[in-house]
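One structure is given here, and the rest of the page talks about it.
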Amino acid sequence: MPRPTPLSGFPEWLPAQRIIEQRAVEIITRTFELHGYASVNTRAVEPLRELLRKGETSKEVYVLRRLHAEPGASASDDDLGLHFDLTVPFARYVLEHAGHLTFPFKRYQVQPVWRGERPQDGRFREFWQADIDVVGDGELADHFEVDVPLVAAEALTALREIGLPPVRVMVNNRRVADAFYRGIGLTDVDAVLQAVDKLAKIGADGVAALLRSELGASEDQVAATLALAGLSGGSEVVEQVRELAASSGVTGAEAVDLEAGLTQLQNLLVRAETRAPGVVVADLSIARGLDYYTGAVYETVLVGHEKLGSICSGGRYDSLATDGSRTFPGVGISIGLSRVLSRLFSAGLATATRSVPTAVLIAVAQEDSRGRSDAVATRLRARGIPCDVAPAAAKFGKQIRYADRRGIPFVWFPGTDGADGAESTADTVKDIRTGDQVEADAATWTPPSEDLWPRAVPTSES
């Protein structure tokens, strides 16, 4: 078989990296559960007609079809695609299971998604997300718009245990943006939002060119749009938006809508500063190009790694899930788990104390005494101690080197039973890092707590 060629955009982690990934998932899901979120799991596929009507992601959807279709079969609305996020399938999940859910319903979900985009640093075609959403039946209190980003920030902050840098959550409000753009005469708000959403990628000049060429924006409209996107900071930003709107000629119904959005934004900033000082800031460039957001929107960056882009994003949506008679408004946020992990690995921020779960290698003196080694392993495993038995009855030095190469800290040497008049010997265990060797009983011996299982730690502590 020829040497396989790696597929770009489909990451596969090594064993030590998997240990870090598993610990990250444990930390994140524990945080979610501490805040009352229940776990759900949705199918990997959705009908294309559902996936293709959400935002501007249709060009990124992977289609799922059989290699050999049934005779006479043709493309239809029942064609399937792999989901590109976890929000669209969750909306469908709420509609299907509404009769079994209690609202407001708080869910978390950790699953892979697929998106056919160009792979680059921190951006993949197959990747894992960790989402939380709160969904109401008919209405949903505004305070959840504060709770959701703070829970995500708490989960990410907890990852500092394994080396993740601090995070900054940047917030905006779509009601502010919608009213402002309409107020200055840019009526195709979705197109403006999609242009502004590219600000970090193509810069102010690139966005200005898009506004002129695709929307026919005047120089005054371009200047006002870029001025709004340039505002950031604490609650003082709210007054700055008011001043900009007044000088840009925003009046009438748009001014009323703008004030309503600013009030919501100010409430979020004030309450967030009380609960998590310094974590949440306003940034009026945050647009979120998907068209289903209707209120607060969020982007999150790693401090010192801002060029990586957002690692966690989301917002308020008032009508993503509806069956025509009932509407389920919600607010949610998604952590790009694979993006976070890729930065931990590429920047060397996290490491695993060992690459295998095994804490103890049970040596085998001779193949005809392997049963004795197996018995020791059985007793240790029954007590929750991960162990393995040496693959061959080689010289003990070779078995120790085997354990060392795998990162196993202890080697267990079974004693002898004194058969045929020989003197019996006790079992011993050796810490191969220090050379210390002591007598041990499989019924009572336990490795130090820090060695029982491999740990994910900041590289600086390894």
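The values are calculated or read from the model by the stated rules, or taken from the named source; none is laboratory data. Quick caveat: nothing in here was measured; it's all calculated off a predicted structure. Note that each Cβ is placed from the backbone with ideal geometry, even for glycine, and that neighbours are counted across all protein chains shown. Only protein heavy atoms, including side chains, enter the accessible area calculation; ligands, DNA and RNA are left aside. Shrake-Rupley method; radii C 1.70, N 1.55, O 1.52, S 1.80 Å.
Brief remarks follow.
- Taking a point 7 Å out from the Cα of LEU14 in the direction of its Cβ, the residues of the range 383-408 whose backbone N falls within less than 20 Å of it are 401-408.
- Between ALA98 and THR263, the simple spin-label model (points 7 angstrom out along Cα→Cβ) gives 2.8 nm.
- Subtracting the Cα-Cα distance of GLU50 and ALA276 from their residue separation scaled by 0.36 nm leaves 77.6 nm.
- Taking every DSSP bridge with both residues inside the range 317-449, close to 60 percent are antiparallel.
- Those chymotrypsin sites (Phe, Trp or Tyr not before Pro) in the range 248-355 that DSSP places in a loop and that have at most 13 other beta carbons within 10 Å: none
- Each peptide in 378-387, 225-234 gets a packing score, the mean of other Cβ atoms within 10 Å over its residues, and the list from highest to lowest is 225-234, 378-387.
- Segment GLU117-ALA375, extension gain: residue separation times 0.36 nm, minus the distance between their alpha carbons: 87.6 nm
- Rounded tilt (10° steps) of 144-158 against the dominant C-alpha axis of the chain: 30 degrees
- Among ALA296, GLN22, GLN221 the positive-end extreme of the charge dipole of the chain (Cβ point charges): GLN22
- With helices as the sole contributors, the chain gives -11500 deg cm²/dmol at 222 nm; each DSSP H run of n ≥ 4 counts as -39500 (n - 2.57), and the sum is divided by every residue.
- Accessible surface computed residue by residue for the range 69-183, with neighbouring protein chains in place and a 1.4 Å probe, gives 39 Å² per residue.
- Think of a 1.4 Å ball rolled over the protein heavy atoms: the range 325-462 then has 49 Å² of accessible area per residue.
- Of all lysines in the structure, the ones whose alpha carbon falls short of 19 Å from that of LYS198, not counting any fewer than 8 places away in one chain, are LYS54, LYS59, LYS307.
- Fully extending the segment from GLU367 to SER235 would add 40.2 nm, taking 0.36 nm per residue of separation and subtracting the current Cα-Cα distance.
- The C-alpha atoms of the chain define a longest principal axis, and helix 87-97 lies at about 90 degrees to it.
- Modelled FRET efficiency - R0 30 Å, THR251 with ARG326, Cβ distances, 0.05 increments: 0.25
- Accessible surface of HIS97 - all protein chains present, 1.4 Å probe, nearest 10 Å²: 60 Å²
- In degrees, nearest ten, helix 370-382 long axis to first principal axis of the chain (Cα): 40 degrees
- Pairwise inverse Cα distances across the chain, averaged and inverted, put the Kirkwood hydrodynamic radius at 25.6 Å.
- Per DSSP, loop trypsin sites (Lys or Arg not before Pro) in the range 428-459 with at most 11 further Cβ within 10 Å: ARG433
- Residue (of GLN264, LEU210, LEU186) at the positive-pole extreme of the range 156-312, dipole from beta-carbon charges: GLN264
- Where labels lie 7 Å past Cα in the beta-carbon direction, separation of LEU34 and THR428 in nm: 4.5 nm
- Based on every Cα atom in the range 131-231, Rg and the maximum pairwise Cα distance Dmax equal 17.4, 50 Å.
- The GluC sites (Glu not before Pro) of the range 400-462 that DSSP puts in a loop, and whose beta carbon has at most 15 other beta carbons within 10 Å, are GLU423.
- Protection proxy ranking, peptides 353-359, 198-204, average beta carbon neighbours within 10 Å, highest first: 353-359, 198-204
- Sequence-distant lysines (8 or more away, or on other chains) whose Cα lies within less than 24 Å of LYS398: LYS430
- Here the Karplus curve 6.51 cos²θ - 1.76 cosθ + 1.60, taken at θ = phi - 60°, turns the phi angles of the range 233-250 into couplings of x, x, 5, 5, 4, 4, 5, 5, 5, 4, 5, 5, 4, 5, 6, 8, x, 7 Hz, with x standing for Gly and Pro.
- As a calculated quantity, the FRET efficiency between SER218 and LEU452 at R0 = 60 Å, using C-beta atoms, amounts to about 0.35.
- Projecting the Cα atoms of GLY315, ALA352, SER342 onto the charge dipole of the range 309-462 (Cβ charges, centred on the Cα centre) puts GLY315 farthest toward the positive pole.
- Rounded to the nearest 20, the Cβ-based charge dipole of the chain about its Cα centre (Lys and Arg +1, Asp and Glu -1) stands at 1240 debye.
- Accessible carbon and sulfur surface of the chain relative to its total accessible area, %, 1.4 Å: 50 percent
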